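Trainee: Quick one: this structure, given as structure tokens, is what I'll be asking you about.
The values are calculated or read from the model by the stated rules, or taken from the named source; none is laboratory data. Source: prediction; values computed, not measured. Here the Cβ is made from the backbone with ideal geometry for all residues, glycine too, and neighbour counts use every protein chain on show. These area figures cover heavy atoms from the full protein model, side chains too; ligands, DNA and RNA do not enter into them. Shrake-Rupley method; radii C 1.70, N 1.55, O 1.52, S 1.80 Å.
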Amino acid sequence: MPRSLVGGDLAGPEMAQPYMKKDDDDEEVEYSPFFGIEKGAVLQEARAFHDPQLDVRRCSQVITKLLYLLNQGETFTKVEATEVFFAVTKLFQSSDAGLRRLVYLMIKELSPSSDEVIIVTSSLMKDMNSKTDMYRANAIRVLCRIIDGTLLTQIERYLKQAIVDKNPVVASAALVSGILLSQANPEIVKRWSNEVQEAVQSRAPLVQFHGLALLHQIRQNDRLAVSKLVSSLTRGSVRSPLAQCLLIRYTSQVMRESSMNTQTGDRPFFDFLESSLRHKSEMVILEAARKITEMDVTSRELAPAITVLQLFLSSSKPVLRFAAVAMTRPLAVTNCNVDLESLMSDTNRSIATLAITTLLKTGNESSVDRLMKQITNFMSDIADEFKIVVVEAIRSLCLKFPLKYRSMLNFLSNSLREEGGFEYKKAIVDSIITLISEIPDAKEIGLLHLCEFIEDCEFTYLSSQILHFLGNEGPRTSDPSRYIRYIYNRVILENATVRASAVSTLAKFGALVDTLKPRIFVLLRRCLFDTEDEVRDRATLFLQTLGGEVSIGNNEKDAKGFLFGSLDVPLANLEASLRTYEPSEEPFDISLVSREVRSLPLQEKKAPGKKAPAAAAAPAPVAAVDAYQKMLSSIPEFTGFGRLFKSSEPVELTEAETEYAVNVVKHIYDSYVVLQYNCTNTIEEQLLEDVTVCVDASDAEEFSEICSKPLARLPYNSTGQIFVAFEKPERVPAIGKFLNLLKFTVKEVDTSTGEADEDGVEDEYQLEEFEVVAADYMLRVPVSNFRNAWENMDPESERVDEYGLGVRESLAEAVSAVINILGMQPCEGTEVVPRNARSHSCLLSGVFIGDVKVLVRLSFGLSGPNEVAMKLTVRSDDPEISDKIHEIVARG
């Protein structure tokens, strides 16, 4: 952009006001050339575009302001955008190069509609054939950004010529435009393969880079073609460092997808990656080292990458030092620890932070204390985002060396007293809670550190989180009474939210520690005079519960379950059910609330080009939760089936854009399964009558069909339901495959009058098959505290076994597969597998048919190249269900 467009003299005095001081004691002030501009005033100034004698400088200033407003998120109405667009097109009459570039930018940002594009197309095509290369390149970029497929065919010949143009700026513009166009018009861009291949051989670095990117995009869905492309280019024809980096990425992708035996080390293209470590360009070396460290390689294959990264640690360039430290295999760089320690004092805080976290991951038990002392001096100099990284590394180190918990807990506790934002303090609190949960010896000292922190905690969420955790863990320590003072102080000194949490925590101590019960009663009675309803209500409820005035269940275990148990009903479902509940003699029954959050029951497919009726556009949240239950209970044939246990997500039985759209929802009862077929007629000239689904359940031996409910009429662009019910053994997770045939009578419809013929023709339509699987009998129900829930389960119900899962693409793929087989809810984020991890633990919870709570611990490990082994531990309310879970996994 010309210098005059960014200086203080861009416009009048209103655009030269100060917006930020560098320092309170510094007289220098920074100026924003766009301070205080308003859209209305700028649109008025845009009238200058219509002047017969154009003022280039003034027009440039106005366009700059318009671009600034657009990039700041300012929205223009349709009328405003159209007026600006037509005004900008007038500026093509100017021959000023700077103004022309701004015109290109403005047209691209406005994204004109198809009828407006025609107006500017001729000017842009004229510039595409201009003798000025700058005009040609920019015109190509703008034109390809705004035109559709029909206009693209008209300029295709020019684009092909531009790709092989001698000027690299023009060629790159055409290639980048090709990358953009391939997303919407891939078939047209594929025809440019010969020209793009020629561009890949160009001596211009950027042309080769963009050419390779486009050629890969053209071939990306053809694995063999990509492999051939990589094979031909790895022989040394790529000169551009940027293109070389792209080639390294494509090569590693081909290697991952290769089915060759990785045990022999005979992986294709690995020699190319290794040779790239000796490239003269540093970016190529870093890219090659990064890809090698991400791969499953042997120590010998990894060594060259580690060597070059170690050399970068002593580089004078901050970027290289940062990239060398930011590795995915810290254990492989133990030999670099001396170099890493020297980087702890690096002036670049990002580099220093990564050096420290890497040392924490590579250090041994004897170096822990020394590292903690060095980190203490370091923490005050870095921002919160870097502190969080260090805290997470310390947590991992403590779990690795649990005997060092004292020094690390002291460090974390001291960090809590330092200044810092919410996310930083939350990371520390989460780390202390994790260490207490995983290291039994750390419980008492860790809880005391948390109690000391809430004395001065300014964050309501953290105070409530700590109180909740304290209520679960404190009563199980050797001296629970020491925590009462800290808890009751929160009742006196905190806001209403924290006071309510403190009351609940006191009640938990009273329920679990008999010697403290009288003291807790006194404290709870004081809470009855609180100014907040929530606090008083909780105190009243807990006093009556602990005193036996209110019966919670049949025994003390039920009362403790009421205090400690987690709510296994999603709040959205509970809220929706409470909103629809009408006061009556029948009390509200929480057991009838759905425990799964599901999408809308009726997954309708409308015919192309038609809009759904306004009434169906936004169903109420209540319908999303209760619609299935209400709909099924209203059908007389199903009233005797009992309570609905679960409804599945819709399973598509037809391809997209077919004449009939059908999906099926599986409704699970204790002794029945109801199949709900949602059918949509997408043919305007047809009316369907007597619509039924013939279900072949010969591959589902435990199911027997007992009734069906056909659909009398299915007009165009409407959705109706067909039901088929099956009986099965009670509370048994019966599985099987179902074949489906849609039968109906077709009547022709006169689209002008909407009337259908009296006579119809019987017809049928083959649907896809589907299965009822074991996961259909499991509700995904989370638990708020997995450890507590696990410990409260009867250990006698525990069943343990080990399984070989065979060769998998990755550990993450194996974890996902087992979760899908069981249909359970991952807890505490354990479904996420760290990159390059060779072992992983996953926690799952759910409710099995019959309302049996189930908890699962999964331990995965790589026993060989991509060979995954798994240990499955199950606890449940019923030992037989624990056995069934193992049967499901063994069968799946």
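Trainee: Which of the residues belonging to the range 417-445 are touching a helix residue (DSSP H, G or I) at 6+ places or on another chain (Cβ under 7 Å) and either touching a residue at least 60 places away in the same chain (Cβ under 8 Å) or more than 18 Å from Ala393 (Cβ to Cβ) (or both)?
Mentor: Across the range 417-445, the qualifying residues are Gly421, Ile436, Ser437, Asp441, Lys443, Ile445.
Trainee: Assuming Phe322 fulfils every condition listed in (1) open to solvent by 30 Å² or more (accessible area, probe 1.4 Å); (2) aromatic (Phe, Trp, Tyr); (3) modelled with pLDDT of 80 or more apart from one, which condition is it?
Mentor: That leaves (3) as the condition not met.
Trainee: Something else: Those residues that are at pLDDT below 85, open to solvent by 20 Å² or more (accessible area, probe 1.4 Å) and touching a Pro at 6+ places or on another chain (Cβ under 7 Å), I need them from the range 240-260; list them, please.
Mentor: Ser258, Met260
Trainee: Restricting the search to the range 725-768, which residues are assigned to a loop (DSSP other than H, G, I, E, B), of a type in the set (Val, Ile, Thr) and closer than 19 Å to Thr654 by Cβ? So that I can check it myself, show each step before the final result.
Mentor: First, the residues of the range 725-768 that are assigned to a loop (DSSP other than H, G, I, E, B): 728-735, 750-755, 757-760, 767-768.
If we keep only those that are of a type in the set (Val, Ile, Thr) as well, we get 732, 735, 751, 753.
Matches in the range 725-768: none.
Trainee: Mind listing whichever residues of the range 165-185 are farther than 20 Å from Pro205 by Cα and out of contact with any helix residue (DSSP H, G or I) (no Cβ under 8 Å at 6 or more places or on another chain)?
Mentor: Of everything in the range 165-185, just one residue is farther than 20 Å from Pro205 by Cα and out of contact with any helix residue (DSSP H, G or I) (no Cβ under 8 Å at 6 or more places or on another chain), namely Gln183.
Trainee: Here's another thing I want to ask about it. Go through the range 857-880 and count every residue that is part of a helix (DSSP H, G or I) and touching a residue at least 60 places away in the same chain (Cβ under 8 Å). Spell out how you get there, then give the answer.
Mentor: Taking the range 857-880 as the starting set, the residues that turn out to be part of a helix (DSSP H, G or I) are 879-880.
Keeping just the survivors that are touching a residue at least 60 places away in the same chain (Cβ under 8 Å) gives 879.
Of the residues in the range 857-880, 1 are part of a helix (DSSP H, G or I) and touching a residue at least 60 places away in the same chain (Cβ under 8 Å).
Trainee: Under 7 Å between Cβ atoms, at least 6 apart or on separate chains: pull out the pairs that start in the range 239-261 with a residue that is assigned to a helix (DSSP H, G or I) and small (Gly, Ala, Ser) and end on any residue that is surrounded by 14 or more Cβ atoms within 10 Å (Cβ to Cβ) and at pLDDT 85 or above.
Mentor: As it stands, the answer is Ala243/Gln208; Ala243/Phe209; Ala243/Leu212, since those pairs meet every condition given.
Trainee: Could you say whether any residue in the range 795-805 is under 30 Å from Asp670 (Cβ atoms) and without any contact (Cβ under 8 Å) to a residue 24 or more places away in the chain?
Mentor: no
Trainee: For the range 699-720, how many residues are outside any strand (DSSP E or B), more than 24 Å from Val673 (Cβ to Cβ) and open to solvent by 60 Å² or more (accessible area, probe 1.4 Å)?
Mentor: Count: 0.
Trainee: Further question: Pull up the range 35-66, narrow it to residues that are outside any helix (DSSP H, G or I) and over 19 Å from Leu99 (Cα atoms), then point me to the one that is most open to solvent (accessible area, probe 1.4 Å). Spell out the reasoning first.
Mentor: Our first condition is that a residue be outside any helix (DSSP H, G or I); within the range 35-66, this holds for 35-38, 51-55.
Next, from what is left, pick out any that are over 19 Å from Leu99 (Cα atoms): 35-38.
Details: Phe35: 81, Gly36: 56, Ile37: 32, Glu38: 123 Å².
Within the range 35-66, the match that is most open to solvent (accessible area, probe 1.4 Å) is Glu38.
Trainee: Looking at (1) in contact with a helix residue (DSSP H, G or I) (Cβ under 6 Å, 6 or more places away or on another chain); (2) modelled with pLDDT of 80 or more, which one does Asn573 not meet, given that it meets all the others?
Mentor: Of the numbered conditions (1) in contact with a helix residue (DSSP H, G or I) (Cβ under 6 Å, 6 or more places away or on another chain); (2) modelled with pLDDT of 80 or more, the odd one out for Asn573 is (2).
Trainee: Arg780: basic (Lys, Arg) and exposed (fewer than 14 other Cβ atoms within 10 Å of the Cβ), yes or no?
Mentor: no
Trainee: Which one is most open to solvent (accessible area, probe 1.4 Å) among residues in the range 67-108 that are of a type in the set (S, T, N, Q) and not in a loop (DSSP other than H, G, I, E, B)?
Mentor: Among those residues, the one meeting the criterion is Gln93.
Trainee: Hey, can you tell me all the residues within the range 634-650 that are surrounded by fewer than 13 Cβ atoms within 10 Å (Cβ to Cβ) and either farther than 27 Å from Asn820 by Cβ or not acidic (Asp, Glu) (or both)?
Mentor: In the first step, residues of the range 634-650 are kept if they are surrounded by fewer than 13 Cβ atoms within 10 Å (Cβ to Cβ); the result is 634, 636, 639-640, 642-643, 649.
Of everything in the range 634-650, those that are surrounded by fewer than 13 Cβ atoms within 10 Å (Cβ to Cβ) and either farther than 27 Å from Asn820 by Cβ or not acidic (Asp, Glu) (or both) turn out to be Ser634, Pro636, Thr639, Gly640, Gly642, Arg643.
Trainee: Shifting gears a bit: Regarding the range 213-221, can at least one residue be identified that is more than 21 Å from Lys160 (Cα to Cα), out of contact with any Gly (no Cβ under 9 Å at 6 or more places or on another chain) and not aliphatic (A, V, I, L, M)?
Mentor: For the range 213-221, residues more than 21 Å from Lys160 (Cα to Cα), out of contact with any Gly (no Cβ under 9 Å at 6 or more places or on another chain) and not aliphatic (A, V, I, L, M): present.
Trainee: Let me ask you something else. Evaluate the range 511-531: report whether one residue or more is within 30 Å of Arg417 (Cα to Cα), open to solvent by 50 Å² or more (accessible area, probe 1.4 Å) and among the polar types (S, T, N, Q).
Mentor: Checked against the condition, which is being within 30 Å of Arg417 (Cα to Cα), open to solvent by 50 Å² or more (accessible area, probe 1.4 Å) and among the polar types (S, T, N, Q), the range 511-531 yields no hits at all.
Trainee: If a residue must be under 18 Å from Gln201 (Cβ atoms) and outside any helix (DSSP H, G or I), how many such residues does the range 221-238 contain?
Mentor: Within the range 221-238, residues that are under 18 Å from Gln201 (Cβ atoms) and outside any helix (DSSP H, G or I) number 5.
Matching residues to (1) open to solvent by less than 30 Å² (accessible area, probe 1.4 Å); (2) of a type in the set (A, V, I, L, M); (3) modelled with pLDDT under 85:
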residue: Ser113; (1), (2), (3): no, no, yes
residue: Gly149; (1), (2), (3): yes, no, yes
residue: Ala162; (1), (2), (3): yes, yes, no
residue: Leu175; (1), (2), (3): yes, yes, no
residue: Ala184; (1), (2), (3): no, yes, yes
residue: Arg203; (1), (2), (3): no, no, no
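Trainee: Residues that are in contact (Cβ under 8 Å) with a residue 12 or more places away in the chain, open to solvent by less than 10 Å² (accessible area, probe 1.4 Å) and under 33 Å from the mean Cα position of the chain (by Cα): does the range 381-390 have at least one?
Mentor: Yes, the conditions are met somewhere in the range 381-390.
Trainee: If you check Asn472 against the conditions, is it over 27 Å from the mean Cα position of the chain (by Cα), closer than 19 Å to Ala502 by Cβ and assigned to a helix (DSSP H, G or I)?
Mentor: Taking the combined requirement at face value, the residue satisfies it.
Trainee: Taking the conditions exactly as written (in contact with a Phe, Trp or Tyr (Cβ under 8 Å, 6 or more places away or on another chain), surrounded by 15 or more Cβ atoms within 10 Å (Cβ to Cβ) and under 30 Å from Asn573 (Cα atoms)), does Arg857 satisfy them or not? If you could, list the steps in order and put the result at the bottom.
Mentor: Values: in contact with a Phe, Trp or Tyr (Cβ under 8 Å, 6 or more places away or on another chain): yes; surrounded by 15 or more Cβ atoms within 10 Å (Cβ to Cβ): yes; under 30 Å from Asn573 (Cα atoms): yes.
Criteria met by Arg857.
Trainee: Go over the candidates Leu309, Leu277 one by one and state the one that is open to solvent by less than 30 Å² (accessible area, probe 1.4 Å), at pLDDT below 75 and either hydrophobic (A, V, I, L, M, F, W, C) or over 30 Å from the mean Cα position of the chain (by Cα) (or both). Please lay out each step first, then the result.
Mentor: Numbers: Leu277 fails: at pLDDT below 75.
So the residue among Leu309, Leu277 that is open to solvent by less than 30 Å² (accessible area, probe 1.4 Å), at pLDDT below 75 and either hydrophobic (A, V, I, L, M, F, W, C) or over 30 Å from the mean Cα position of the chain (by Cα) (or both) is Leu309.
Trainee: Just checking, how many residues over the range 475-529 are over 19 Å from Gly547 (Cβ atoms) and part of a loop (DSSP other than H, G, I, E, B)?
Mentor: Residues in the range 475-529 being over 19 Å from Gly547 (Cβ atoms) and part of a loop (DSSP other than H, G, I, E, B): 5 in total.
Trainee: Among the residues of the range 466-488, which ones are open to solvent by 40 Å² or more (accessible area, probe 1.4 Å) and polar (S, T, N, Q)?
Mentor: Ser478, Ser481
Trainee: Does Leu653 qualify as being surrounded by fewer than 18 Cβ atoms within 10 Å (Cβ to Cβ) and touching a strand residue (DSSP E or B) at 6+ places or on another chain (Cβ under 9 Å)?
Mentor: Working: surrounded by fewer than 18 Cβ atoms within 10 Å (Cβ to Cβ): no; touching a strand residue (DSSP E or B) at 6+ places or on another chain (Cβ under 9 Å): yes.
Here the answer is no, as Leu653 does not meet what is asked.
Trainee: Criterion first (over 30 Å from Arg857 (Cα atoms) and in contact (Cβ under 8 Å) with a residue 24 or more places away in the chain) does Val783 satisfy it?
Mentor: No: the conditions fail for Val783.
Trainee: Check Ser841, Ser876 and return the single one that is among the hydroxyl-bearing types (Ser, Thr, Tyr), touching a helix residue (DSSP H, G or I) at 6+ places or on another chain (Cβ under 8 Å) and closer than 20 Å to Trp790 by Cβ.
Mentor: Testing whether each residue is among the hydroxyl-bearing types (Ser, Thr, Tyr), touching a helix residue (DSSP H, G or I) at 6+ places or on another chain (Cβ under 8 Å) and closer than 20 Å to Trp790 by Cβ leaves just Ser876.
Trainee: Another one. Out of Cys457, Cys451, report the one residue that is over 18 Å from Arg395 (Cα atoms), of a type outside the set (Ser, Thr, Tyr) and in a loop (DSSP other than H, G, I, E, B).
Mentor: Selected residue: Cys457, the only one of Cys457, Cys451 that is over 18 Å from Arg395 (Cα atoms), of a type outside the set (Ser, Thr, Tyr) and in a loop (DSSP other than H, G, I, E, B).
Trainee: Checking Leu741 against (1) more than 26 Å from Ala656 (Cα to Cα); (2) open to solvent by less than 40 Å² (accessible area, probe 1.4 Å), which test does it fail?
Mentor: (1)
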